[in-house]
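Trainee: Here it is, the structure in full.
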Amino acid sequence: MAILGQKKKTYDTTGLKVPVSLGVIMDGNGRWAKKRLLPRSAGHRAGAENLKELCTNCGNYGVKYLTVYAFSTENWSRPDDEVHQLMELFVEFWERYDPELEKEGIRVRFTGDIDSLPDNIKEVCRRGEERSKNRTKMQLIVAFNYGGRREIENACRRIAMDVKEGKIAPEDITEQMISDNMYMPDVPDPELIIRPSGELRLSNFLLWESAYSELWTSECLWPDFGYDELTQAFRDFAGRDRRFGGLSKNKES
Ligand code: FPP
């Protein structure tokens, strides 16, 4: 439905820098719902709707890899009914929105401790990846039952096995080898991580991969995070001086 006065989305990148790889922590669903005297589940539902909008906007801006934090390894500690509602929403989401993601050319992949999830969720992940595998405009990587520390732990275990089997010596272990043993070694590290709702922490999201990510936040709660905020994030990102531990290329500083 067209909303009167809504600004036209142009995806004009003048003055912006669009990251090839972007991470988004979808935070603030609960507060969004509370402000409207709604149950938290309504906030998660609005958040899921907004994920579809983010995919469209990112795809049209030219982002190639969008990694979103949908459920962490710590989120199991939430009340049972909230966990249950999030799982149900997850199943419903891919069934309902896959045709739209298909129209947008979006490939879906899941990252995290997927093997430990209930069978029906594993099946949703498997089907979602299979049916979207030939889409090329953008990859949506959904972090589900994901924890950055667990990902690093998993990589350590795999490398330790190679040592145990005599395939490599401990002194052969390199940073690259650790990167290669992360869940998604082919996905570039995120250049920018957006966390709406004003929180200034990573909360166990992409700990290894975010070593040199730029961080961006705003007070906007996730379900309200739209085109304008994304555009502003890309505008601010264009002004960041990314030094990667070296010296500034900007002669004035
Ligand atoms: C954090 O907000 C958000 C989550 C723990 C869940 C994120 C899930 C979605 C956006 C929807 C489900 C996604 C898919 C892929 C179907 P919070 O609840 O901690 O908010 P609060 O900090 O305001 O309480």
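The values are calculated or read from the model by the stated rules, or taken from the named source; none is laboratory data. Small disclaimer: the values here were computed from a predicted structure and weren't measured. Ideal geometry is used to build each Cβ from the backbone, glycine not excepted, and the neighbour counts take in all protein chains shown.
Trainee: Of the residues 78, 96, which is surrounded by fewer than 18 Cβ atoms within 10 Å (Cβ to Cβ) and within 9 Å of the ligand (Cβ to nearest atom)?
Mentor: Unique residue meeting the criteria: 78.
Trainee: Restricted to the stretch 15-35, and to residues that are away from the ligand (no atom under 12 Å from the Cβ) and not hydrophobic (A, V, I, L, M, F, W, C), which residue is farthest from residue 227 (Cα to Cα)?
Mentor: Among them, the one singled out is 21.
Trainee: Mind listing whichever residues of the stretch 99-113 are more than 10 Å from the ligand (Cβ to nearest atom), farther than 12 Å from residue 52 by Cβ and either assigned to a strand (DSSP E or B) or modelled with pLDDT under 95 (or both)?
Mentor: Listed by number, the residues that qualify are 107, 109, 111.
Trainee: Considering (1) in a loop (DSSP other than H, G, I, E, B); (2) within 15 Å of the chain's Cα centre (by Cα); (3) not aliphatic (A, V, I, L, M), say which one residue 67 fails and leave the rest.
Mentor: (1)
Trainee: If you don't mind, another one. Please count how many residues of the stretch 36-65 are within 13 Å of residue 140 (Cβ to Cβ) and more than 10 Å from the ligand (Cβ to nearest atom).
Mentor: The qualifying residues number 9.
Trainee: If you check 174, 231, which single one turns out to be among the β-branched types (Val, Ile, Thr) and touching a residue at least 40 places away in the same chain (Cβ under 8 Å)?
Mentor: Just one listed residue meets the conditions, 231.
Trainee: Something else: Looking for something more than 18 Å from the chain's Cα centre (by Cα) and either surrounded by fewer than 18 Cβ atoms within 10 Å (Cβ to Cβ) or more than 24 Å from residue 209 (Cβ to Cβ) (or both) - is there at least one such residue anywhere in the stretch 45-56?
Mentor: No, that holds for no residue.
Trainee: Find the helices (runs of 4 or more DSSP H) located wholly in the stretch 117-201 whose residues include 3 or more that are among the charged types (D, E, K, R), and list them.
Mentor: Result: 119-132, 148-164.
Trainee: Checking the conditions here, which among 68, 124, 142, 83 is within 11 Å of the ligand (Cβ to nearest atom) and either surrounded by fewer than 18 Cβ atoms within 10 Å (Cβ to Cβ) or among the small types (Gly, Ala, Ser) (or both)?
Mentor: That would be 83, the only listed residue that is within 11 Å of the ligand (Cβ to nearest atom) and either surrounded by fewer than 18 Cβ atoms within 10 Å (Cβ to Cβ) or among the small types (Gly, Ala, Ser) (or both).
Trainee: Quick one: is residue 196 within 15 Å of the chain's Cα centre (by Cα) and over 19 Å from residue 72 (Cα atoms)?
Mentor: no
Trainee: From the list 237, 205, which residue is in contact with a strand residue (DSSP E or B) (Cβ under 6 Å, 6 or more places away or on another chain), touching a residue at least 12 places away in the same chain (Cβ under 8 Å), surrounded by 14 or more Cβ atoms within 10 Å (Cβ to Cβ) and under 19 Å from residue 15 (Cβ atoms)?
Mentor: Selected residue: 237, the only one of 237, 205 that is in contact with a strand residue (DSSP E or B) (Cβ under 6 Å, 6 or more places away or on another chain), touching a residue at least 12 places away in the same chain (Cβ under 8 Å), surrounded by 14 or more Cβ atoms within 10 Å (Cβ to Cβ) and under 19 Å from residue 15 (Cβ atoms).
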